[in-house]
Amino acid sequence: MKARSVSRRLLAGTVGAALLLCAGTVGSASLAQPAADGKNGIPDFSTGKLWVLMNGTAFFKVPGDPGPGPIVQRGKEYKHDDVPRIADTSNPILKPWAKKLMDINNERVLAGDIPFYTTSRCWPGGVPGLLLYPGEPVQFVQTPKEVWILYQRDAQVRRIYLNVPHSKAPGYSWYGESVGHYENGDTLVVDTVGLDDKGPIDRYRTPHTKRLHVVERFRLNNDGKNIEVTFSVEDPGAFTMPWKAKVDFERGRGARSGTWGESICADNPVDYFADDESSAVPIPRADTFDF
């Protein structure tokens, strides 16, 4: 997969918006909607809560789903220390061109090339890929008209507009256009379209097209201590059929308690691939200055 430049304007706007919002809301319940109490039907994802990914950086099959599920590790069950990620391209969800591309990438990694993970190369995560950003905390901000999902890593932000339809022509972007609503007093349903095709869906480098449509269900469970995120994916350009997957989040605790600090990937003084940059996807760089 070829790297493409991400404009400074996009990154600066996202970082600026996130920092502005964080300054006024992280650690504060002033903008949060009331917790679900059986009357207003609004689950409380935000008040005093920071969340972290709890089961590794791969998508898992939804229990009871009769479909094939997401792309998984080839030859064995995924474990946290599976390195490198080699995709099982026998999954019937893949169209021939997507399978061919993934087989090529598999062989390159097996031959010693550095695998492409968006988190390691400072790329935006996309949808649903942003769900796999590990370690660093996630914060929800809920208002009557919007839900913002803030990620400490690179101050990435998702904006979900509540109880409205999609735009007639939303255009294309890394995070697309997300609209949502609440269900059952414990779930936020998010419908996303307008997703660009610049990055992969997961850490197995699964491609997609601009026809990608993702529906996520963020459900509070375990007495509000966890979030189960199940989602469905449709993309007739890349996949032969719709498929489902899931991840889980838990409250930050101990070393992962969610101390919200500045985390800018491209400013990291340690280059993990300094010994062999030739096979690594480049970190995004601005082609021109904005000012």
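The values are calculated or read from the model by the stated rules, or taken from the named source; none is laboratory data. Since this is a predicted model, take the numbers as computed values, not measurements. Reconstructed Cβ throughout: ideal geometry from the backbone, glycine too, with neighbour counts over all protein chains shown. Ligands, DNA and RNA are stripped out before the accessible areas are found, and what is left, the full protein with its side chains, is counted by its heavy atoms. Shrake-Rupley method; radii C 1.70, N 1.55, O 1.52, S 1.80 Å.
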By the Cα gyration tensor axes a ≥ b ≥ c (a/c under 1.5 gives rounded; else a/b larger than b/c gives prolate, otherwise oblate), the shape of the stretch 57-155 is prolate
Potential extension, residue 241-residue 146 segment - 0.36 nm per residue separation minus Cα distance:
31.1 nm
How much length would be gained if the chain were fully extended between residue 61 and residue 225, taking 0.36 nm per residue of separation minus their Cα-Cα distance, in nm to one decimal?
56.9 nm
Rank by packing, highest mean first: peptides 202-210, 137-145, 281-289, with packing defined as the count of other Cβ atoms within 10 Å averaged across residues.
202-210, 137-145, 281-289
Between rounded, prolate and oblate, where does the stretch 111-234 land on the alpha carbon gyration tensor, with a ≥ b ≥ c its root eigenvalues, rounded for a/c under 1.5, else prolate if a/b exceeds b/c?
oblate
Pairs from 49/168; 99/246; 100/210; 145/198; 95/246 whose Cα-Cα separation, in the structure shown, is over 25 Å
49/168; 145/198
Please report the accessible area of residue 198 (heavy atoms, 1.4 Å probe, ligands and nucleic acids excluded) in Å², nearest 10.
50
To the nearest 10 square angstrom, what accessible area does residue 253 show with a 1.4 Å probe?
150
Could you give the accessible area per residue of the stretch 88-246, probe 1.4 Å, as a whole number in Å²?
39
Taking all protein chains as present, what is the carbon and sulfur share of the accessible area of the stretch 129-215, in % to the nearest whole number, probe 1.4 Å?
52
Sorting check: for 176-183, 126-133, 211-218, which peptide has the highest mean count of neighbouring beta carbons within 10 Å, and how do the rest follow?
126-133, 211-218, 176-183
